[in-house]
Amino acid sequence: MTGGTAEAAPATRRVFFGAYTTWSGGAKGIGVGTYDTATGQLAQTGVIAGVVNPSFVVESRDGRFLYAVNENSQGEVTAIDAATLKVINKQATGGADPCHLTLDPSGKFLITADYSSGSLSVFGVNTDGSLGARTQKVQHKGSGPDRDRQAGPHAHHVVFDPAGKYAAAVDLGADSVFFYSFTGRLQLVSTAKLAPGAGPRHIAFHPNGRTAYVANELDSTIVACAYADGKLTPGQVLKTAPPATERNYPAEVLVSADGKFVYLSNRGHDSVAQFAVDGAGLTLVGTTPVGGKYPRHVVFDPTGSFLFAANQNSSLVTSFAVDRSTGRLTPSGTPLKTEIPVCVLPTRLG
């Protein structure tokens, strides 16, 4: 108390942490926490126990439900009540090692990308948040020159374009981005080929809907692509980190809400690269040390004021203040220690 009035408590929002649970020293489930909206300081407050290898977590459009992949050889996806933090149900994907998932624009369907099997699976979402049984499985085909990583297809990312009309599925093994129309079922409309051995991992669309950026895991590049009506045309290719003795593996790619900057996490170089959007291309602004090891996932908070990085190999989540005029990142707050974090989900609705 100061002068007879209560000091205002710092405003916080909820955040969830995807993690690996079956690895040595792994988490107990999905981490639950908060972050300070003024400083970006993260805190962990609990765990949704028993959710196995929830390596990617998303929330429903209204924030009432969470959905997590279970990255196992017998892949599953789990639905969770965001208010009670109780598991609602889970369903088999029919594929191996699902590593990403997305909801369609209506919120009535969920799609998983199953890495090891190179497939996509579709589920209906019920009004109570539960998932129906799988209604479709799409099998990718293709391979690449990297014998260890590209012997067959590896679906790594699935996301809808800004118009919500087409789903883009990025396949590391096939060196391809597959585009599908979606009306409850996926229907292939085009395939964009990246350079052999590039190993495309994730894609991010510019808010103008005419450009997209592909993070290539295996050749440490980012590709600026033209985009229109379910067709991607690769263009400018840039390295994401300076040459180093340790091999670098790009992971996540993000575009700022105003479309001025693109960010990419570098695993190996252990940095976040910042690019300025320059017409249809990009210009490297710089790289910022991430403050941890092997940053698998980076994400903005809903305001775009902070960027959070899940550093898998140091069990740290780090926070950065975002300078929206220059694109630069400044460490903010004390890193959060949490077991094998690989995904950060700051909630949109508090």
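The values are calculated or read from the model by the stated rules, or taken from the named source; none is laboratory data. It should be emphasised that the depicted structure is a prediction, and the values quoted were computed from it without experimental measurement. A quick note on method: Cβ atoms are made from the backbone with ideal geometry, for glycine too, and the neighbour counts reach across all protein chains shown. For the accessible areas, the whole protein counts, side chains as well, though only heavy atoms, and no ligand, DNA or RNA atoms are used. Shrake-Rupley method; radii C 1.70, N 1.55, O 1.52, S 1.80 Å.
Among strands (runs of 3 or more DSSP E) entirely within segment 66-114, having at least 3 residues that are touching a residue at least 12 places away in the same chain (Cβ under 8 Å) and open to solvent by 40 Å² or more (accessible area, probe 1.4 Å) singles out 87-92. When the residues of segment 257-267 are filtered to those that are in a loop (DSSP other than H, G, I, E, B) and touching a Pro at 6+ places or on another chain (Cβ under 9 Å), the one that is nearest to G281 (Cα to Cα) is G259. Can you spot a residue in segment 295-309 that is surrounded by fewer than 22 Cβ atoms within 10 Å (Cβ to Cβ) and aliphatic (A, V, I, L, M)? Within segment 295-309, one or more residues are surrounded by fewer than 22 Cβ atoms within 10 Å (Cβ to Cβ) and aliphatic (A, V, I, L, M). Taking segment 21-40 as the range and being in a loop (DSSP other than H, G, I, E, B), open to solvent by 10 Å² or more (accessible area, probe 1.4 Å) and in contact (Cβ under 8 Å) with a residue 12 or more places away in the chain as the test, the residues that pass are T21, T22, W23, G25, G26, A27, K28, T37, A38, T39.
For V272, the test of being surrounded by 19 or more Cβ atoms within 10 Å (Cβ to Cβ), in contact (Cβ under 8 Å) with a residue 24 or more places away in the chain and under 28 Å from D62 (Cα atoms) is failed.
The numbered conditions (1) in contact with a Leu (Cβ under 9 Å, 6 or more places away or on another chain); (2) under 28 Å from D146 (Cα atoms) are all true for P302 except (2).
Restricting to segment 115-135, name every residue that is more than 23 Å from L218 (Cβ to Cβ), open to solvent by 10 Å² or more (accessible area, probe 1.4 Å), of a type outside the set (G, A, S) and under 23 Å from the mean Cα position of the chain (by Cα).
Residues satisfying the conditions are V125, R134.
Which of the residues that make up segment 136-152 are among the charged types (D, E, K, R), farther than 25 Å from A92 by Cα and surrounded by 15 or more Cβ atoms within 10 Å (Cβ to Cβ)? Once the filter is applied, which keeps residues that are among the charged types (D, E, K, R), farther than 25 Å from A92 by Cα and surrounded by 15 or more Cβ atoms within 10 Å (Cβ to Cβ), segment 136-152 yields only D146.
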